[in-house]
Amino acid sequence: PEDPLGEAIKFLVPLQLLASNCLDTHLFSFEIYYRKKKPLLMLQSLKRAVKVDPTDPRVHSCVVRLQKFVETSQDLASPVKQVLGQETQSIFTTKTAKERNEQFIQKHRESQDHRVQGAKMQVLLDPSNTESAVQLVTKVDGPKVSLQTSSEVFDLLKEGDFGPNGQKALEAYRKSCH
């Protein structure tokens, strides 16, 4: 299709109505609107996701991405800025996106899922900090480590999401998982 995101929205609207209690519905909608650069719709999706499960690490990822988008966007219309400013105060509080992410990583050091999302946001916020992010995602000890997340980490490293540092750590990570 010429407009795959537009096509995705056609499926999204009924999904939002029929599966409004499903977190993935709101995460998918956030992702679509993030890619289309629609901050008010991102905010709507984020607020709905927070209502369903505010502790899910993927929700943290959405908060950080929206906050970075708002902090770095120069061309937002004045009414959009005003609505975002009012509606995000309770979500963003007074922390920067970077501070929020660092606090999140510290709070959830034992959870692999949380570390992965925190590391991904670390790279988004500071692409030069891939070494620290790689250390976070390649840690495989602790009580909350899963095969599914370990496999996801392997794919992220392999695909270069954590830059050359991630690709260098790939073989060592593979061995530590066995």
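The values are calculated or read from the model by the stated rules, or taken from the named source; none is laboratory data. No experiment lies behind these values; they were computed from the predicted model shown. Ideal geometry is used to build each Cβ from the backbone, glycine not excepted, and the neighbour counts take in all protein chains shown. Calculation scope for accessible area: heavy atoms of the full protein, side chains included, ligands and nucleic acids excluded. Shrake-Rupley method; radii C 1.70, N 1.55, O 1.52, S 1.80 Å.
Which one of Val70, Val59, Val63 is under 22 Å from Thr93 (Cβ atoms), buried (at least 16 other Cβ atoms within 10 Å of the Cβ) and at pLDDT below 95?
On the way: Val59 fails: at pLDDT below 95; Val63 fails: at pLDDT below 95.
Only one candidate passes the filter, namely Val70.
Checking Ala49, Ala8, Ala19 one by one, the residue that is among the aliphatic types (A, V, I, L, M), at pLDDT below 95 and closer than 22 Å to Lys120 by Cβ is Ala8 and no other. Contact map, segment 61-81: first residue free of Cβ contacts under 8 Å to residues at least 60 places away in the same chain, second residue of a type in the set (S, T, N, Q), Cβ cut-off under 8 Å, separation 6 or more or different chains; pairs are Cys62/Ser45; Leu66/Thr88; Gln67/Thr88; Gln67/Thr96; Val70/Thr88; Glu71/Thr96.
Quick grid of which residues meet (1) modelled with pLDDT of 95 or more; (2) touching a helix residue (DSSP H, G or I) at 6+ places or on another chain (Cβ under 9 Å); (3) open to solvent by 20 Å² or more (accessible area, probe 1.4 Å); (4) hydroxyl-bearing (Ser, Thr, Tyr):
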site: Met42; (1), (2), (3), (4): yes, yes, no, no
site: Glu87; (1), (2), (3), (4): no, yes, yes, no
site: Ser111; (1), (2), (3), (4): no, yes, no, yes
site: Met121; (1), (2), (3), (4): yes, yes, no, no
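Looking across segment 133-147, the residues that are closer than 11 Å to Asn165 by Cβ, touching a residue at least 12 places away in the same chain (Cβ under 8 Å) and not in a loop (DSSP other than H, G, I, E, B) come down to Ala133, Val134, Val137. If you go through segment 145-178 and keep only what is loosely packed, with under 13 Cβ neighbours inside 10 Å and under 18 Å from Ser111 (Cα atoms), you end up with Ser146, Leu147, Gln148, Ser151. Can you tell me how many residues within segment 107-121 are more than 13 Å from Ala133 (Cα to Cα) and in a loop (DSSP other than H, G, I, E, B)? Final tally of qualifying residues: 2. When Ala97 is tested against (1) closer than 20 Å to Ile32 by Cα; (2) surrounded by 15 or more Cβ atoms within 10 Å (Cβ to Cβ), only condition (1) is not met.
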